[in-house]
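Notes follow once the structure below has been shown.
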Amino acid sequence: MRVADLARLLDVSEGTIRNDLAALDEEQQLMRVRGGAVMLDEGVNPRWARPQRNDSSSESTAAKLRIARWAAELIENGDSVLFDASLTVQNMALYLKDRRHLTVVTTGLDVARSMAENPSNTVILIGGILAQDGLSVSGPLAEKYLKELHVQRAFLTCSGFTLENGLTEIDIHQAHIKAQMVRSVKQTIVLIDSSKFGKLGLTPFASITEVTHVFTDSAIEPGMAEALRQRVATLTICEESTVSSFTQQRERERSHFRIGFANLSEAIPFAVDVRRGLERAAKEEGHIDLIVGDNQLSAEAAMRVADELLDKDIDLIIEYQIDEAIGSRLMNRFQQAQVPVIAVDIPLVGATFYGIDNYQAGLLAGNALGEWIAEHWGGQFDALVALEEPRAGVLPAMRMQGQRDSLAKVLADFQPRGAYRLDSGNTAETSEAAMRALLDEIPSTYRIAVICFNDDAALGALAAARALKRERNMVIVGQGADRLAREEIQQPDSRLIGSPGFMPERYGAKLLEVALKILRGEPVPPAIYSDCVFIDANNITEYYP
């Protein structure tokens, strides 16, 4: 079911529904997908859709899911990865549905089946002796095959871990094959829930010096966390509301900073790409501890995340939230804590602003829309629909005004029969519901031009038109050119004709550059704008080969 449908049926806000679905997802009662949720028996192997292997603790299960969810963020399109057969690693497959062209090498039958559901992936199941539980293989044949492979990263678990003995396994055959996995990859990422620390398996398979990155949960003892920070390149602690990544400080003469990032929403592709870019930039910089929270498009969540980040003694916060009305409350808390702030896309008084020149982005989209209407509809259309986001305030609203002004300039002296302003809710599902309701009211013969606050609104409008078979009488421009919008723009004869590209994947490097200047006491301008270009089917491969 979709978020919008559930909110309407239960008569509650969409934010409440998203929070409930997230909680049910962690409990493995359902699986969150873009825009809503599905039952676990739809596309998920029931063998591992519920806790198993003597893991009956719901708290432990939730911790493993959080670890799996954030470990999956390391994997990008086109990567080659090596997976063991553990339940935690299997759960990573739930969060890799949107990745493409992965090469997956694994000893686990269930994870192989799950990853093979995506036809773009290449899945290599290593041969060997089948375990009694029928879930994995091991033995000399598997080890021999692994010796001939060269893979980017391995994602492994263990039965126990101590600083002295490293990673250990109860099953000696599994220990042997995992040791070969470590030797076959450039990077070893280990997923260890806190219950495994201090335990000792039958035989070791890797020392801590062979590990690149450790993922664990918030129940880890502070002493163990500090010891791991001194020994591995990156330690990531997955908490309920925030995720903290700590890098090893190799260069003692350089300052080591702790930066908080309160992200707009982990359900919006644009915001996810901003966060991923920031994580890459922090990793490359090498002396940044990055702590990430999810504002969930909610004022209440943003206030809660702000408090949690401040509790972690951060040096600077990058705030990305949607509600202009709570800006003064947020800034009051940050200023009381004497923490400098960078505001992303939505300005905060007293913070350094980083984002788009909204009016210019609007002009680009409106101009392209007008030219398309002039060429394909003879400069005539019946209705102009604006999918807006009132919460964002005056500055982001300028991208809507820019679209109106530019469209009016291209189609001089023309006025459509009707103009409609809808609340996009900043999500595809809200926009789709609003557009469906409008389409039920206006004639099916109307030619409709749609301007949008962001790409989620554009995709929601397109989904409504397709569902009601009115796509051919609609033309849409987006804002942002996020990855889902780019996929749609490349489709033949798509009615989403283009979108100003904000290049969210580039935000991270620039945000970190500005953050470090502020932390080092260097001057920065009050507002910094990123580059913007209109992306359409003609130039998309130039910017995104």
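The values are calculated or read from the model by the stated rules, or taken from the named source; none is laboratory data. Quick caveat, the model's predicted, so the values are computed rather than measured. Positions of Cβ are generated from backbone atoms using ideal geometry, with glycine treated the same way; all protein chains shown enter the neighbour counts. The area values use the complete protein model at the heavy-atom level, side chains included, leaving out ligands, DNA and RNA. Shrake-Rupley method; radii C 1.70, N 1.55, O 1.52, S 1.80 Å.
Given a 1.4 Å probe, how much area per residue of the chain is accessible, in Å²?
43
Share of the chain's accessible area from carbon and sulfur, percent, 1.4 Å?
49
Heavy atoms only, 1.4 Å probe, whole protein assembly: order 97, 409, 147 by accessible area, highest first.
Per-residue accessible area, sorted high to low, gives 409, 147, 97.
Go ahead and estimate [θ] at 222 nm for the chain from helices alone: -39,500 (n - 2.57) per DSSP H run with n ≥ 4, summed, over the residue count, rounded to 500.
-11500 deg cm²/dmol
What does the highest-first list of 454-462, 382-390, 518-526, 228-236 look like by mean Cβ count within 10 Å?
Most protected by this proxy first, the peptides run 454-462, 382-390, 228-236, 518-526.
Could you order peptides 412-421, 343-352, 70-79, 487-496 by the average number of other Cβ atoms within 10 Å of their residues, highest first?
343-352, 70-79, 487-496, 412-421
Quick one: Karplus J couplings for segment 339-345, per residue in order, coefficients 6.51, -1.76, 1.60, θ = phi - 60°, nearest Hz, x for Gly and Pro?
10, x, 10, 10, 9, 9, 6
Given Cα pairs under 8 Å that are at least 6 residues apart, what percent is the relative contact order of the chain?
Relative contact order comes out at 9 percent.
Hey, if we sort 261, 197 by accessible area with the 1.4 Å probe, largest down, what's the order?
Accessible-area ranking of 261, 197, largest first: 197, 261.
Return the long-range amide H neighbours of residue 345 (sequence gap of 5 or more, or a different chain), with a cut-off of under 5 Å between placed amide H atoms.
354, 355, 356
Would you work out if the chain is rounded, prolate or oblate? Take a ≥ b ≥ c from the square roots of the eigenvalues of the alpha-carbon gyration tensor; rounded if a/c is under 1.5, else prolate when a/b is larger than b/c, oblate otherwise.
In terms of gyration-tensor shape, prolate.
Cα centroids of segment 479-545 and segment 410-450: how far apart, whole angstrom?
Answer, in whole Å: 26.
Shape call for segment 87-154 from the C-alpha gyration tensor, a ≥ b ≥ c root eigenvalues: rounded (a/c under 1.5), prolate (a/b greater than b/c) or oblate?
Verdict is oblate for segment 87-154.
Looking at the chain, do any whole DSSP H helices span at least 15 angstrom along their long axis by alpha carbon and average -1.0 or above on Kyte-Doolittle, and which?
Qualifying helices, which must be both long enough and hydrophobic enough, are 14-26, 58-71, 172-183, 269-285, 299-311, 358-376, 394-410, 428-439, 455-467, 504-519.
So between residue 419 and residue 16, what do we pick up on full extension, going 0.36 nm a residue minus the alpha carbon distance?
So the chain would gain 141.9 nm between residue 419 and residue 16.
Take the alpha carbon gyration tensor of segment 255-338, find the square roots of its eigenvalues, order them as a ≥ b ≥ c, and report rounded if a/c is under 1.5; if not, report prolate when a/b exceeds b/c, else oblate.
Oblate, since a/c reaches 1.5 and b/c is not below a/b.
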